[in-house]
There are 2 protein chains.
Amino acid sequence: MNLNNAKGTQDLMPEQKIVIDKLINLLKEIFELYGFSPLETPAIEKFEVLASKYAGGTEILKEVFKLKDQGNRELGLRYDLTVPLARVIGMNPNIKMPFKRYQIEKVWRDGPISSTRLREFYQCDVDVVGIKSMIADAEMLAIVSRFFSMLDFEFTIYVNNRKILTSMLNECNIKKEIQETVLLSLDKLEKIGFKGVENELREKGIKENSIEKIIEFISINGTNEEKIQQLELRLKEKEGLNELKELLEYAKKFSVKNIVFYLPLARGLSYYTGPIFEVKLKESKVKESVVGGGRYDKMISAFLETNKEIPATGLSFGLNRIYEALIEKQKTAKKTVTQLFVIPIGIKAIELIELIEKIRSNGIKVDFDLIGRGPSKNLDYCNSLGIPFALIIGEKELKEKKILLRDMKTGKEEKINLSELNKLKEKIKP
Amino acid sequence: MNLNNAKGTQDLMPEQKIVIDKLINLLKEIFELYGFSPLETPAIEKFEVLASKYAGGTEILKEVFKLKDQGNRELGLRYDLTVPLARVIGMNPNIKMPFKRYQIEKVWRDGPISSTRLREFYQCDVDVVGIKSMIADAEMLAIVSRFFSMLDFEFTIYVNNRKILTSMLNECNIKKEIQETVLLSLDKLEKIGFKGVENELREKGIKENSIEKIIEFISINGTNEEKIQQLELRLKEKEGLNELKELLEYAKKFSVKNIVFYLPLARGLSYYTGPIFEVKLKESKVKESVVGGGRYDKMISAFLETNKEIPATGLSFGLNRIYEALIEKQKTAKKTVTQLFVIPIGIKAIELIELIEKIRSNGIKVDFDLIGRGPSKNLDYCNSLGIPFALIIGEKELKEKKILLRDMKTGKEEKINLSELNKLKEKIKP
């Protein structure tokens with residue numbers, strides 16, 4: 001048998017899983033600080049639900065992994081966490097609003113793969129359903145800011161507003177029907193430059209004077225305030241600008257820094273209706289956005305085929321990319337969670353179990369020699385796994401009631417009284 | 001569109017997911033105290049890997065959800081976490097032994113469903129690979145004991161040993177080829193009683209004097225030591241008994257209590273080779289076992305088609321059942337993680353954002369009125385979600401720099417100085 005993973009899937013060995021878990025825990029902690037609670041939905045959904053035209057659209061449907069159960073029901077693996085959220089809202093009409101939930105789970109897309117694009121990957125979503133006010137969007141930016149600050153990352157939050165884009169395109173005489181495709185070209189500005197955008201728009205049959213106007217708009221420069229001033233002079237429809245100003249005002253109260261109003265930001269998905277966001281890291285090899293999101297006030301109610309308005313806004317964190325950026329910063333990888341390894345010298349492990357259990361009860365992650373190797377082999381084992389401390393115990397140590405704590409990095413050794421095991425915790429900081 | 005879940009799958013709404021997450025975190029914490037590190041493998045595996053005859057066998061294969069990718073590759077959703085573990089060991093020949101890993105993830109089985117059996121459910125496995133000594137098995141029991149003690153559950157750990165069963169069946173003149181099927185009947189003792197087992201064995205064509213001997217064996221009564229003494233007189237092959245004695249000796253050092261040596265315990269899966277375990281809760285409506293496991297010294301090497309011996313032992317925690325038992329004990333359910341809800345009176349939420357951010361920086365999970373409801377509606381909202389504390393702030397409070405903390409259960413209110421926000425944490429204990 002040829003032992004390997006299914007194409008586009010990967011194992012996370014302990015040294016990787018430890019880092020991913022650290023990221024997940026930090027995200028959970030921050031989401032919960034902001035009053036978001038966890039939700040879990042199944043990986044398997046009815047295909048009919050996934051295929052709703054108000055969900056991801058036909059493009060994404062080509063990438064759904066389809067399956068059937070014994071009853072020949074048509075099923076699929078979820079490709080995002082937004083459709084399941086809409087379904088949950090629909091199935092629980094009495095749910096308390098606002099519904100603030102986060103969900104960190106795998107999704108599957110049977111598409112082309114690359115080093116940064118797998119067929120099974122994490123989606124990490126935080127959304128608030130039921131709030132129209134920009135205060136909810138500002139809170140999203142506060143979450144972003146707190147998360148990356150805690151990880152010591154330099155970042156920029158790019159914001160824009162779909163309504164501003166629409167009124168800009170109206171100003172440029174772009175018809176409603178082709179606005180989406182124009183936005184797709186705008187989104188590529190960073191990749192293909194101004195000339196590239198011009199050419200693409202020309203190929204799409206946009207008139208020269210419209211192209212000229214668009215380029216003029218997206219060339220507007222300056223601080224956020226200066227850009228807004230410029231646009232206030234040029235745009236007739238002001239709703240998007242007002243939302244943006246309100247968002248920035250709230251964000252200031254939340255002490256969110258590094259916000260850049262970036263007019264070419266359009267984001268692919270057509271369901272956005274208001275503010276849209278993208279976060280990029282500075283000084284990282286990860287150049288793609290690490291967070292994306294925005295407001296989608298019409299998607300859930302359209303999905304549920306109800307007339308009741310169900311506003312919503314949210315973010316999706318790109319866990320795999322953030323992982324890559326974090327790995328780049330952290331030079332050393334730990335292959336184990338173990339903090340302390342107990343090495344018996346000339347005595348049997350069984351004589352140390354009671355002591356080890358006491359140390360564990362103090363909250364220290366302890367492993368010990370289960371094989372009966374010699375001391376130097378045990379120290380090699382510690383080094384190869386990156387265990388930071390070893391506790392060396394022989395008959396002499398047991399008699400004197402003093403054990404030897406060895407810092408594996410520095411090689412420094414220190415005697416610890418058996419009666420003072422509670423002090424170990426301070427010495428062994430994670 | 002008919003909005004519902006795929007058959008045999010379920011959503012975990014926040015009030016359920018909060019409890020499951022609590023259990024998962026406690027398990028992770030304890031596994032890590034014992035030096036086990038996390039591993040993650042994909043949900044999708046090559047069908048060929050899942051279908052290995054050394055894995056779950058043909059019965060389980062009928063329940064595999066099959067799928068194909070764009071390249072027409074035959075894939076399936078994993079039905080357990082043991083096959084992926086064996087694959088990881090096989091793909092990483094230089095992995096350091098012992099390899100101590102835990103894995104808490106979903107598995108899928110397309111079988112008949114019931115209230116306690118779904119098609120998508122958690123598997124929560126902890127295994128050590130590479131250790132033959134019974135000390136590894138004893139550590140498994142220590143993990144069980146610490147986990148259920150921390151949850152304040154009364155429990156019994158039933159242990160047996162496959163080698164004891166084999167030597168017992170040899171003693172009763174049961175041929176190798178039919179020993180497995182005899183064990184399947186033994187496993188039902190609790191359900192169908194001695195008479196039931198007798199009848200089943202008779203139907204399976206076992207001779208009367210063999211049946212008589214088997215019943216005699218499984219009727220042996222007394223303490224663990226008394227049972228072992230009895231068996232030492234009756235069994236020629238003593239290896240299993242010696243392993244059991246060693247296991248019990250180690251377990252004593254680990255202070256594991258409530259171990260019952262239970263000879264009819266056989267466990268269905270044929271890959272077990274030594275100690276086997278099952279844990280049941282006392283005084284719970286959950287009557288089925290909540291943990292199962294044992295030693296499987298031959299399965300991994302057979303799976304990898306190598307001659308190198310790869311011993312292993314491990315446990316699987318039944319997360320969904322433990323959840324049911326925990327829910328039974330906990331009378332109240334929280335619909336949110338939020339600890340504190342901020343209610344502005346006569347002022348706008350935006351004026352309180354800075355204060356709220358400060359409280360969050362103190363590690364308190366805070367939400368606030370995003371809608372602009374009146375005070376009594378806000379208190380209703382707190383009550384309906386089970387938020388334990390509310391902070392009531394009006395202009396007067398802001399001027400006096402004192403805010404009102406309300407305990408939602410008792411209705412007691414207390415004034416807190418704005419300069420002493422750090423004291424909030426003590427008052428708002430989770």
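Computed from the coordinates by the stated procedures, all read-outs in this text should not be read as laboratory data. Computed from a predicted structure; not experimentally measured. Note that we place each Cβ from the backbone using ideal geometry, even for glycine, and neighbour counts take in every protein chain shown.
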The lone condition A:ASN4 fails out of (1) within 7 Å of chain B (Cβ to nearest Cβ); (2) over 20 Å from the mean Cα position of the chain (by Cα); (3) within 25 Å of B:ARG119 (Cβ to Cβ) is (3)
Considering the range A:246-256, residues that are surrounded by fewer than 18 Cβ atoms within 10 Å (Cβ to Cβ) and in contact with a helix residue (DSSP H, G or I) (Cβ under 7 Å, 6 or more places away or on another chain), and then whichever is nearest to the other protein chains (Cβ to nearest Cβ), we arrive at A:SER255
Picking from A:ILE131, A:ILE135, A:ILE95, the residue that is more than 7 Å from chain B (Cβ to nearest Cβ) and out of contact with any Cys (no Cβ under 7 Å at 6 or more places or on another chain) would be A:ILE95
Flagged in the range B:301-313 as within 14 Å of another protein chain (Cβ to nearest Cβ) and either within 30 Å of B:LEU151 (Cβ to Cβ) or among the basic types (Lys, Arg) (or both), in numbering order, are B:ALA312, B:THR313
Restricting the range B:50-85 to residues that are within 22 Å of A:LEU12 (Cβ to Cβ) and basic (Lys, Arg), the one nearest to the other protein chains (Cβ to nearest Cβ) turns out to be B:ARG73
| said: Can you confirm whether B:ILE310 is buried (at least 19 other Cβ atoms within 10 Å of the Cβ) and assigned to a loop (DSSP other than H, G, I, E, B)? | reply: yes
Scanning the range A:123-161 residue by residue, the ones that are assigned to a helix (DSSP H, G or I) and either under 21 Å from A:GLU288 (Cβ atoms) or aliphatic (A, V, I, L, M) (or both) total 14
A:GLU328: passes all of (1) under 21 Å from A:LYS427 (Cβ atoms); (2) of a type in the set (D, E, K, R); (3) more than 12 Å from chain B (Cβ to nearest Cβ) but (1)
How many residues of the range B:98-124 are more than 10 Å from chain A (Cβ to nearest Cβ), within 18 Å of B:PRO42 (Cα to Cα) and of a type in the set (D, E, K, R)? The answer is 1
Checked the range A:7-22 for anything facing chain B (nearest Cβ under 7 Å) and among the polar types (S, T, N, Q); matches are A:THR9, A:GLN10
inquiry  = Condition (residue is more than 7 Å from every other protein chain (Cβ to nearest Cβ), touching a residue at least 40 places away in the same chain (Cβ under 8 Å) and not β-branched (Val, Ile, Thr)) applied to the range B:37-49: is it met by at least one residue?
reply    = no
**Asked** Is it the case that the range B:271-280 has a residue that's in a loop (DSSP other than H, G, I, E, B), surrounded by 16 or more Cβ atoms within 10 Å (Cβ to Cβ) and aliphatic (A, V, I, L, M)?
**Response** no
Taking the range B:326-378 and keeping only residues that are touching a residue at least 40 places away in the same chain (Cβ under 8 Å) and among the β-branched types (Val, Ile, Thr), one is left with B:ILE327, B:THR332, B:THR336, B:VAL337, B:THR338, B:VAL342, B:ILE343, B:ILE345, B:ILE347, B:ILE359, B:ILE364
If we keep only residues of the range B:23-33 that are touching a residue at least 24 places away in the same chain (Cβ under 8 Å) and more than 7 Å from every other protein chain (Cβ to nearest Cβ), then the residue farthest from A:CYS382 (Cα to Cα) is B:LEU23
Within the range A:165-178, the residues that are in contact with a helix residue (DSSP H, G or I) (Cβ under 8 Å, 6 or more places away or on another chain) and over 18 Å from A:GLU243 (Cβ atoms) are A:CYS172, A:ASN173, A:ILE174
